[in-house]
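To start, the structure under review is shown below, and the notes come after it.
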Amino acid sequence: MAPDRAVDSRPLDEARPAANRLGARCHAFSRLTVAFLRAAGVPARARCGFGTYFRPGWFEDHWVAEYWNAADGGWQMVDAQLDATWCQMIGFAGDPLAITAAEFVSAGHAWRAWRNGDLDAGRCGLSAINEHGAHWIAGNLRRDLASLNKVEMLPWDVWGTSWGAGDQPTDAQLYLFDTIADLTMDPDAQLGVLRSRYQSDDALRVDGTVFNAARGQAETV
């Protein structure tokens with residue numbers, strides 16, 4: 001927020017020309033949305049998973065925000081990144097303020113669908129770098145679990161148990177992520193268990209050090 005005001009000191013609710021804007025990825029949009037909602041007293045959280053509206057037939061690495069819709073008595077997903085320009089560019093005809101479960105698939109739901117044989121993991125990942133696979137679903141599942149514990153990480157942060165492109169997960173890893181997927185698919189159903197599992201498991205918890213895949217180095221967070 002501070003760098004944005006340094007570029008253009010006007011109030012944040014005033015539109016800025018393109019030259020006075022800061023570029024950002026989906027995770028920044030989701031976290032700012034969550035921050036604004038929480039500041040207004042609305043329960044909100046960031047979710048990590050896959051957007052289906054960027055490239056037809058593909059599940060693209062993505063973050064959205066989720067807020068408690070008191071009127072409907074449930075959580076509602078929103079995607080603040082989808083302004084008019086984005087919607088026109090990708091042909092999105094839905095409502096960015098009412099993203100559906102078919103438009104954004106949480107990492108837990110993607111993992112369970114893959115494990116059940118209902119989803120091709122080779123279509124889950126990031127087309128920009130031409131990388132897809134079950135390891136990508138697992139990485140997003142680990143990030144989603146952390147986010148549900150209010151530890152929102154960067155998309156390229158890696159920690160805990162994982163495997164790389166072309167490698168195969170162990171049976172222990174499959175069992176671990178099966179368990180986590182079931183917890184994150186309906187976080188409120190077993191919130192205490194979800195939080196306890198994250199806090200107690202070294203394979204899942206952020207311990208203060210991550211590997212930044214974008215920079216190729218370990219970093220302290």
Next item on the list: Output the qualifying pairs, or none if there are none: Cβ atoms under 8 angstrom, residues six or more apart or on different chains, first residue in segment 76-89 and buried (at least 18 other Cβ atoms within 10 Å of the Cβ), second residue among the polar types (S, T, N, Q) and outside any helix (DSSP H, G or I).
Entry: MET77/THR100
Next item on the list: Please verify whether segment 199-209 includes one or more residues that are touching a residue at least 24 places away in the same chain (Cβ under 8 Å), out of contact with any strand residue (DSSP E or B) (no Cβ under 7 Å at 6 or more places or on another chain), closer than 12 Å to GLY108 by Cβ and part of a helix (DSSP H, G or I).
Entry: no
Note to self: Test of understanding: among ALA146, ALA134, which residue is farther than 16 Å from ASP182 by Cα, at pLDDT 95 or above and among the hydrophobic types (A, V, I, L, M, F, W, C)?
What the structure shows: ALA134
Notebook entry, point to check: Taking segment 40-94, which residues are among the basic types (Lys, Arg) and in a strand (DSSP E or B)?
Noted result: ARG45, ARG47
Margin query: Among the residues that make up segment 141-154, is at least one of them surrounded by fewer than 22 Cβ atoms within 10 Å (Cβ to Cβ), in contact with a strand residue (DSSP E or B) (Cβ under 9 Å, 6 or more places away or on another chain) and farther than 22 Å from GLY192 by Cα?
Written below: yes
Note to self: Return the pair list, or none, for Cβ contacts closer than 7 Å from residues in segment 41-58 that are in contact (Cβ under 8 Å) with a residue 40 or more places away in the chain and buried (at least 17 other Cβ atoms within 10 Å of the Cβ) to residues that are in a strand (DSSP E or B) and among the polar types (S, T, N, Q), at least 6 apart or on different chains.
What the structure shows: ARG47/SER106; GLY49/SER106
Checklist line | When residues of segment 90-108 are limited to those that are more than 17 Å from ASN69 (Cα to Cα) and hydrophobic (A, V, I, L, M, F, W, C), the one surrounded by the most Cβ atoms within 10 Å (Cβ to Cβ) | finding: ALA107
Margin query: What's the total number of residues in segment 109-123 that are crowded, with 20+ Cβ neighbours inside 10 Å and either more than 18 Å from the chain's Cα centre (by Cα) or of a type in the set (Ser, Thr, Tyr) (or both)?
Written below: 1
Margin query: For the list (1) over 18 Å from HIS27 (Cα atoms); (2) assigned to a helix (DSSP H, G or I), I need the number of the one condition that LEU145 fails.
Written below: (1)
Notebook entry, point to check: Identify, please: which residue in segment 170-189 is surrounded by 15 or more Cβ atoms within 10 Å (Cβ to Cβ), without any contact (Cβ under 8 Å) to a residue 60 or more places away in the chain and under 20 Å from the mean Cα position of the chain (by Cα) and is, among those, farthest from GLY139 (Cα to Cα)?
Noted result: PRO187
Check: For segment 122-136, which residues satisfy the criterion of being under 12 Å from TRP58 (Cβ atoms), among the hydrophobic types (A, V, I, L, M, F, W, C) and assigned to a helix (DSSP H, G or I)?
Finding: ALA128, TRP136
Next item on the list: Collect the residues in segment 15-36 that are under 27 Å from LEU148 (Cβ atoms), in a helix (DSSP H, G or I) and out of contact with any His (no Cβ under 8 Å at 6 or more places or on another chain), keeping them in residue-number order.
Entry: HIS27, ALA28, PHE29, SER30, ARG31, LEU32, THR33, VAL34, ALA35, PHE36
Next item on the list: Would you mind telling me which numbered condition in (1) over 21 Å from PHE29 (Cβ atoms); (2) exposed (fewer than 15 other Cβ atoms within 10 Å of the Cβ); (3) touching a residue at least 12 places away in the same chain (Cβ under 8 Å) SER127 fails?
Entry: (1)
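The values are calculated or read from the model by the stated rules, or taken from the named source; none is laboratory data. Worth saying up front: this structure is predicted, and the values here are computed from it rather than measured. Heads up, the Cβs are rebuilt from the backbone with ideal geometry, glycines too, and the neighbour counts pull from every protein chain shown.
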